[in-house]
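One structure is given below, encoded as structure tokens.
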Amino acid sequence: MARHSAALTSLCNCLRGMPPVDVEWTSVIALANQTLTTPALIDFVDKFAPILSEDVCGYIRQIYRRNVLRNNRLVAQLEEAVIAMNDLGITPIMLKGASTLVTAPEERRGVRLMSDLDIMVMPDDARLAVSALCAIGYDVDYETPPESPRWHVELNRSQDVGTIDLQRAAPGPAYLYQSFGHPLNHCVPAPLGRGRVYIPAPTYRALMLIIHDQFQDYGYWLGDLDLRHLVELRDMSNSAEGLDWKELASLVSGELMKNAVETQLFALSELLGVEIPQELRSRLIPRLQFMRQLMQARFPATRVPFLAMMMLDLGNYRKMANDTIQPTARRRGLWSLPRMGTLQFLLKAAVAVRAGKA
């Protein structure tokens, strides 16, 4: 697996559309495959095909064409699922890749590689939504235990190319969304074929994607780079609607969330050249976290010792958690060490090979 700075720098330059200079293609393609960004290289190939090898062009174009076919099937699958829920009075919210499939122009549909369809419904509609999907042939492959703080259910059918991940809350810890109000306040209705869905407004969608990577996937604690989602944020910023960085900053509350969001924005600026306001990429802790990400990408053996950098935000995490738990619950000191189970989980995750992460 290509995890070193030369491959990462070259891959990011290709994704930015920069001319290829001294590219070691075996490492770059390996890293693109690992980070699930190979289809996104199609623009680079189309731009520089005359000076690229036939093998590189042929491979990337083949992956892109296959992804176009796969994503077209995902769109048809998504429309069928939405119609089934609509028939029972449910209008779902499209999350992550599902929202991309609904909003992307057809000619750009194959750029993003995705593994499943993330759909959100209101908590009172969750059981009815599961019933609607089971009625058209889906089976429940996994459902979180009743005591889980975050409910979701994975459903699949043998004829489909992807699973449905049905959720009843936005990605990440609920306390990060306390100041946002009702999710539908940040969504707009949209058609999907014969169905009806809600699409998160661009800035809210971007923030949910960052929260997903940094907290639901533990990327902030592990020092992970999700290059595929950085490309998606770049494309959202470059779209006709664009992203309102001041609005995004206004939705962020607390030092922990601020540090995590700005770390992602700093990476977006440094790796993909997105213009981010200076005040959102100038503070020390996000800069240190980005340096950690680059170091870990170059030297994977540093992933375990760099877990100590969670201490930079441990007090912020404790403060936010203590402010949101029930008053009768046992509060932990701001600088008390993480529980042994938490440390063991993070150690295991730090050495695991995780698809989509650099």
Could you sort the peptides 19-25, 124-130 by per-residue average Cβ neighbour count (10 Å cutoff), highest mean leading? 124-130, 19-25
So for the chain, averaging the separation of alpha carbon pairs under 8 Å that are six or more residues apart and normalising by length, what relative contact order in percent results? 17
Report SER158's accessible area, 1.4 Å probe, all protein chains in place, as a number in Å² to the nearest 10. 120
Per DSSP H run of at least 4 residues, take -39500 (n - 2.57); add these up for the chain, divide by its residues and hand me the 222 nm value, nearest 500 deg cm²/dmol. -15000 deg cm²/dmol
Other-chain or far-sequence residues with amide H under 5 Å of THR163's (modelled H): LEU117
Using square roots of five times the C-alpha gyration tensor eigenvalues, list the equivalent-ellipsoid semi-axes of segment 1-156 in whole Å, biggest first. 38, 17, 12
For the chain, give the share of DSSP beta bridges that are antiparallel, in percent and rounded to the nearest 5; count only bridges with both residues there. 75
Taking the dipole of the chain about the Cα centre (Lys, Arg +1; Asp, Glu -1; charges at Cβ), the one of LEU233, THR9, PRO286 that reaches farthest to the positive side is PRO286
Quick one: accessible area per residue over segment 207-312, 1.4 Å probe, rounded to a whole number of Å²? 39
Ignoring ligands, DNA and RNA, how do GLU279, GLU147 rank by accessible area with a 1.4 Å probe, largest first? GLU147, GLU279
What translational diffusion coefficient, in µm²/s and rounded to a whole number, does the Stokes-Einstein relation yield for the chain at 37 °C and a viscosity of 0.692 mPa s, taking the hydrodynamic radius as the Kirkwood radius over Cα pairs? 153
Greater than 26 Å apart at Cα, pairs in LYS258/LYS357; LYS47/LYS246; LYS96/LYS357: LYS47/LYS246
Quick calc, the chain, dipole around Cα centre from Cβ unit charges on Lys, Arg (+) and Asp, Glu (-), nearest 20 debye, gives 920
Report, in whole Å, the centroid distance computed from the Cα atoms of segment 214-275 and segment 94-112. 19
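The values are calculated or read from the model by the stated rules, or taken from the named source; none is laboratory data. Keep in mind that this is a model prediction, so the values were computed, not measured. Cβ: placed from backbone, ideal geometry, glycine included. Neighbour counts: every protein chain shown. What goes into the accessible areas is simple: the full protein's heavy atoms, side chains included, and nothing from ligands, DNA or RNA. Shrake-Rupley method; radii C 1.70, N 1.55, O 1.52, S 1.80 Å.
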